[in-house]
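Where a number appears in this text, it was derived from the coordinates with a stated rule and is not lab data. Please read these numbers as outputs of a predicted model, since none were measured by experiment. FYI the Cβ positions are ideal-geometry reconstructions off the backbone, even for glycines, and counts take in every protein chain you see.
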């Protein structure tokens, strides 16, 4: 079964190390909570708000052990007025037998405001 697993985080400033560190922390928690193996991942989409351009957030994902062949793509999030600034969003497409309602989506920092209904 193919499932989408979402996550998001924010940074305080457009600083490369912050973007990389926060993305890594988010992805590692998503992997751990959902017991994901790289070989089960079809692809990862990463979007950033237009105020973030200091680093590619795909970098820490590609650096994970065993993840070098997982397709990862970065893109800009739609710039909606009043949207959450300095936000990194992630969508992993994963082969898993976990039921959809048991998937654990992860939101860190200010991104918790995006989907409070999914926080566990």
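Using a Gaussian network model on the chain with a 10 Å cutoff between Cα atoms, which of 70, 94, 80 fluctuates the most?
Most flexible of the set in this elastic network: 80.
In the chain, what percentage of the DSSP-assigned beta bridges are antiparallel, given to the nearest 5?
Expressed as a percentage, antiparallel bridges in the chain total about 70.
Which residue fluctuates the most in the chain, going by a Gaussian network model with Cα springs under 10 Å, if the choices are 59, 37, 102?
Result for the chain, Cα springs under 10 Å: 102 fluctuates most.
Along its three principal axes, how long is the range 1-55 when you only count alpha carbons? Whole Å, largest extent first please.
Reported extents, whole Å, longest axis first: 37, 19, 15.
If you count, for each residue, the other Cβ atoms within 10 Å and average over each peptide, how do 23-34, 108-119 line up from highest to lowest?
Descending packing order for the listed peptides: 23-34, 108-119.
Between the helical axis of 16-34 and the dominant principal axis of the chain, each derived from Cα atoms, what acute angle in degrees is found, rounded to the nearest 10?
30 degrees
Can you give the alpha-carbon Rg of the range 24-77 over 2.2 N^0.38 Å, where N counts its residues?
After normalising by residue count via 2.2 N^0.38 Å, the value is 1.14.
For the chain, modelled as a GNM with alpha-carbon contacts under 10 angstrom, which of 57, 71, 81 fluctuates the most?
Answer for the Gaussian network model of the chain: 81.
Calculated from DSSP H runs of 4 or more alone, at -39500 (n - 2.57) each and per residue, what is the 222 nm mean residue ellipticity of the chain, nearest 500?
For the chain, the value works out to -6000 deg cm²/dmol.
Using alpha carbons only, what's the Rg to Rh ratio of the chain with Rh from Kirkwood?
0.94
How much length is gained if the chain between residue 100 and residue 76 is pulled fully straight, taking 0.36 nm per residue apart and subtracting their Cα-Cα distance, in nm to one decimal?
6.0 nm
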